[in-house]
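Working notes, structure below.
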Amino acid sequence: MQAMTYRGPYRVRVEEKAMPRIEHPNDAIVRVTLAAICGSDLHLYHGLMPDTRIGHTFGHEFIGVVEEVGSSVQNLQRGDKVMVPFNIYCGSCFFCARGLYSNCHNVNPNATAVGGIYGYSHTCGGYDGGQAEFVRVPFADVGPSVIPDWLDDEDALLLTDACSTGYFGAQLGDIVEGDTVVVFGAGPVGLYAAKSAWFMGAGRVIVVDQLEYRLAKARSFAHAETFNFAEYDDIVVEMKKTTDYLGADVAIDAVGAEADGNFLQHVTASKLKLQGGSPIALNWAIDSVRKGGTISVVGAYGPIFSAVKLGDAMNKGLTLRMNQAPVKRQWPRLLEHIQAGHLKPSELITHRVPLEHIAEGYHMFSAKLDDCIKTVVVPEAN
Amino acid sequence: MAYTAERPPQKVTSEQLRDLIPGWGSDLDTANRPAWPKERFDPGASGAHWDFPERQTPEGPRERSIEHRFLTPVFGTAQPTRGTSGLIRRFAYARFSEARAAHWLLLVAADRVDFVGSRATALLKGRPDNPISETGILSEVSRHGIASRMGTPRVDLRHSWMDPILVAAPWVVGGYLALRVGRAFISRGR
């Protein structure tokens, strides 16, 4: 089968790889019909995530058709069209039993601090991902769901991570009616988080980024006020000014490891890999939020230390909440929002590329060319 | 404002927002928020029909974090450890916990060794890496690289000049080393 493979930092190619096979009785093999490139894939692409091995296939956002199921699979059968959450999880460990599906303890031998994720290095379990024609899906009775007939394929695709993560990020903010919410990052996750903040009763939603075309999307898609941090000497001061020097009630870090806006932080993290991530957005969040406020972190960071301003967070009495999204837990309510017309996830898709051109898709997304927000990958087999 | 007791007044009232924004306030009630509370004990909710999953059979040694009691019942088999990078990775896993910087720095070092080794292997197998196609650099033309950067205040332009250096450095260093080895080989032959 054809699959995207990692060839080292800033390099990917499409290769012929062996077909995935059933390795556990509750596995399924899924033929991928659509995949997406996520902002967090760029952390792998840039070589930021330890134990990303040459030949690894990325891709944790995908939908497809069940080709084969293992002997103990009860809930799926060949031919089912499924959406697959990016979390790989057993459904039965201490953490899964409490709804913490992203923190499963039974699927990742390589690390206890993170669960299993498709196509996200051996640090996240060593599973190949869905930017390929076929993919192994462990615990088929637990993770995947049959896509409802009424749901558009591209909307389903975005529920597998970006949209669910953004919605989850807004929930982590514990927003109450009238709150001012500032979202750092106008990528897909930030845009979904901004949109979701209104569902929870926000009184103001502000989005901060450096890319004007993304801020324009924040205004049209998420009805947000926007600030381009590249146009200000100090974005934290602007956040204070716009909130009458109180600070926002809630700040959401939807950027993660490769945040920009501070040369030293960005270069030491993204270029030289001396930090697990450049916590610029997180530090801005800490300094922009009001005392007693809440920080939500859904931007992804690597496992190595990062220079976070914990002193300010402590002195301000902040609540810091964070996690990888337990995706499937979000789906029933998100499907209601989509059906009600509150949300159309696929509005953020800007590019569709065939799998064979995925290297150009990665460069375009990484370099922020052509007003790229979200890129969908279409495998050859379709 | 911050210096007196009351919150600054809301610029747009909740009633106005409800009319303006589709779905505004529909999840005000935490009962409608699927991630609230964070932990909700409900072992039957996931679809799992086991107390502990059946174990996947490993086909060889499988590295694991020493913070795990045993190999997890299910695991990825995408790229088993191999060669020198594999030795480094297995040492990192066997010796250091996730809490230790040495664990992660060794894994990063192994990634770079794997990178160099894979270049040589690809060359020997007759499918050498192509820096043009693999970096996707041609999208600079097809996806308007110059126009995407002109006339914008993008701060990434301050450091993006480093990217070609980071991408090219392994090729330059590798080429230099190959040249040195080649010269040494030739001079020894004389």
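Zone of residue B:157 (label point 7 Å along Cα→Cβ, backbone N under 18 Å): which residues in the stretch A:236-278? Answer for this model: A:260-263.
Put a plus charge on the Cβ of each Lys and Arg, a minus charge on the Cβ of each Asp and Glu, and nothing anywhere else: the dipole of chain A about its Cα centre is then about 700 debye. Rounded to the nearest 20 debye, what is the charge dipole size of the stretch B:81-124 about its Cα centre when +1 sits on each Lys and Arg Cβ and -1 on each Asp and Glu Cβ? So the magnitude is around 100 debye. When you filter the GluC sites (Glu not before Pro) in the stretch B:50-131 for DSSP loop state and at most 13 other Cβ atoms inside 10 Å of their Cβ, you are left with B:59, B:67. Calculated FRET efficiency, residue A:176 to residue A:149, Cβ-Cβ distance, R0 = 45 Å: about 0.75 to the nearest 0.05.
Toward the positive end of the charge dipole of the protein assembly as shown, with +1 on the Cβ of Lys and Arg and -1 on the Cβ of Asp and Glu, the farthest Cα among A:220, B:34, B:146 is that of B:146.
Between residue A:305 and residue B:90, the C-beta separation translates, for a Förster distance of 22 Å, into a calculated FRET efficiency of about 0.40. The portion of the accessible surface of the stretch B:81-124 made up by carbon and sulfur, rounded to a whole percent, is 70 (1.4 Å probe; DNA, RNA and ligands excluded).
DSSP finds beta bridges in the protein assembly as shown, and of those with both partners inside it, around 55 percent are antiparallel. Here the calculated FRET efficiency for residue A:75 and residue B:190, from their Cβ-Cβ distance with R0 = 51 Å, stands at 0.10, rounded to the nearest 0.05. Solvent exposure of the protein assembly as shown amounts to 40 Å² per residue of accessible area, where only protein heavy atoms count and the probe is 1.4 Å.
Note on chain A: Cα Rg divided by 2.2 N^0.38 Å, N the number of residues, gives 0.94. Remark: C-alpha extents of the stretch A:162-322 on the principal axes read 41, 35, 31 Å, sorted largest to smallest. Ordering A:310, B:79, A:3 by Cα displacement along the dipole of the protein assembly as shown toward the positive end leaves B:79 in first place; charges were set at the Cβ atoms of Lys, Arg (+1) and Asp, Glu (-1). Candidate cross-link partners of residue A:316 among the aspartates and glutamates, defined by an alpha-carbon separation under 16 Å and a same-chain spacing of 8 or more, comprise A:249, A:287. Computed with a 1.4 Å probe on the full set of protein chains, the accessible area for residue B:36 sits at about 120 Å². Given +1 at the Cβ of Lys and Arg, -1 at the Cβ of Asp and Glu and no other charges, the dipole of the stretch A:253-382 around its Cα centre is 640 debye to the nearest 20. What's the carbon and sulfur percent of chain A's accessible surface, probe 1.4 angstrom, rounded to a whole number? Answer for chain A: carbon and sulfur cover 51 percent of the accessible area. Computed from the C-alpha gyration tensor, the three semi-axes of the ellipsoid equivalent to the stretch A:247-373 are 28, 24, 13 Å, from longest to shortest. Per-residue SASA remark: residue A:320, around 60 Å² accessible (1.4 Å probe; ligands, DNA and RNA not included). Taken one residue at a time, the phi angles of the stretch B:81-86 give Karplus couplings (6.51, -1.76, 1.60, θ = phi - 60°) of 4, 8, x, 5, 4, x Hz. Gly and Pro are set to x. Label reach from residue A:19 (point 7 Å along Cα→C-beta): in the stretch A:74-94, amide nitrogens under 17 Å belong to A:78-80. Peptide A:266-272 shows a mean partner chain C-beta count of 3 within 10 Å per residue C-beta. Of A:81, A:271, A:195, the residue with the greatest mean-square motion in the GNM of chain A, using alpha carbon springs below 10 Å, is A:271. When each of the peptides B:164-175, A:199-210 is scored by the mean number of other C-beta atoms lying within 10 Å of its residues, the order from highest to lowest reads A:199-210, B:164-175.
Which links in A:240/B:11; A:17/A:368; A:81/A:344; A:241/B:11 stretch past 18 Å when you go from one Cα to the other? A:17/A:368; A:81/A:344, as the Cα separations exceed 18 Å there.
When the Cα positions of A:334, A:129, B:96 are compared along the charge dipole of the protein assembly as shown, B:96 comes out farthest toward the positive end, with charges on each C-beta of Lys, Arg, Asp and Glu.
At the residue level, residue A:219 shows approximately 110 square angstrom of accessible surface with a 1.4 angstrom probe and all protein chains present. Sorting A:344, B:38, A:368 by accessible area puts them as B:38, A:344, A:368; the probe is 1.4 Å, largest comes first, and only protein heavy atoms count.
The values are calculated or read from the model by the stated rules, or taken from the named source; none is laboratory data. This is a predicted model, so every value here is computed, not measured. Glycine also receives a Cβ, built like all others from the backbone with ideal geometry; neighbour counts cover every protein chain displayed. Accessible surface is based on the protein model in full, side chains and every heavy atom, while ligands, DNA and RNA are left aside. Shrake-Rupley method; radii C 1.70, N 1.55, O 1.52, S 1.80 Å.
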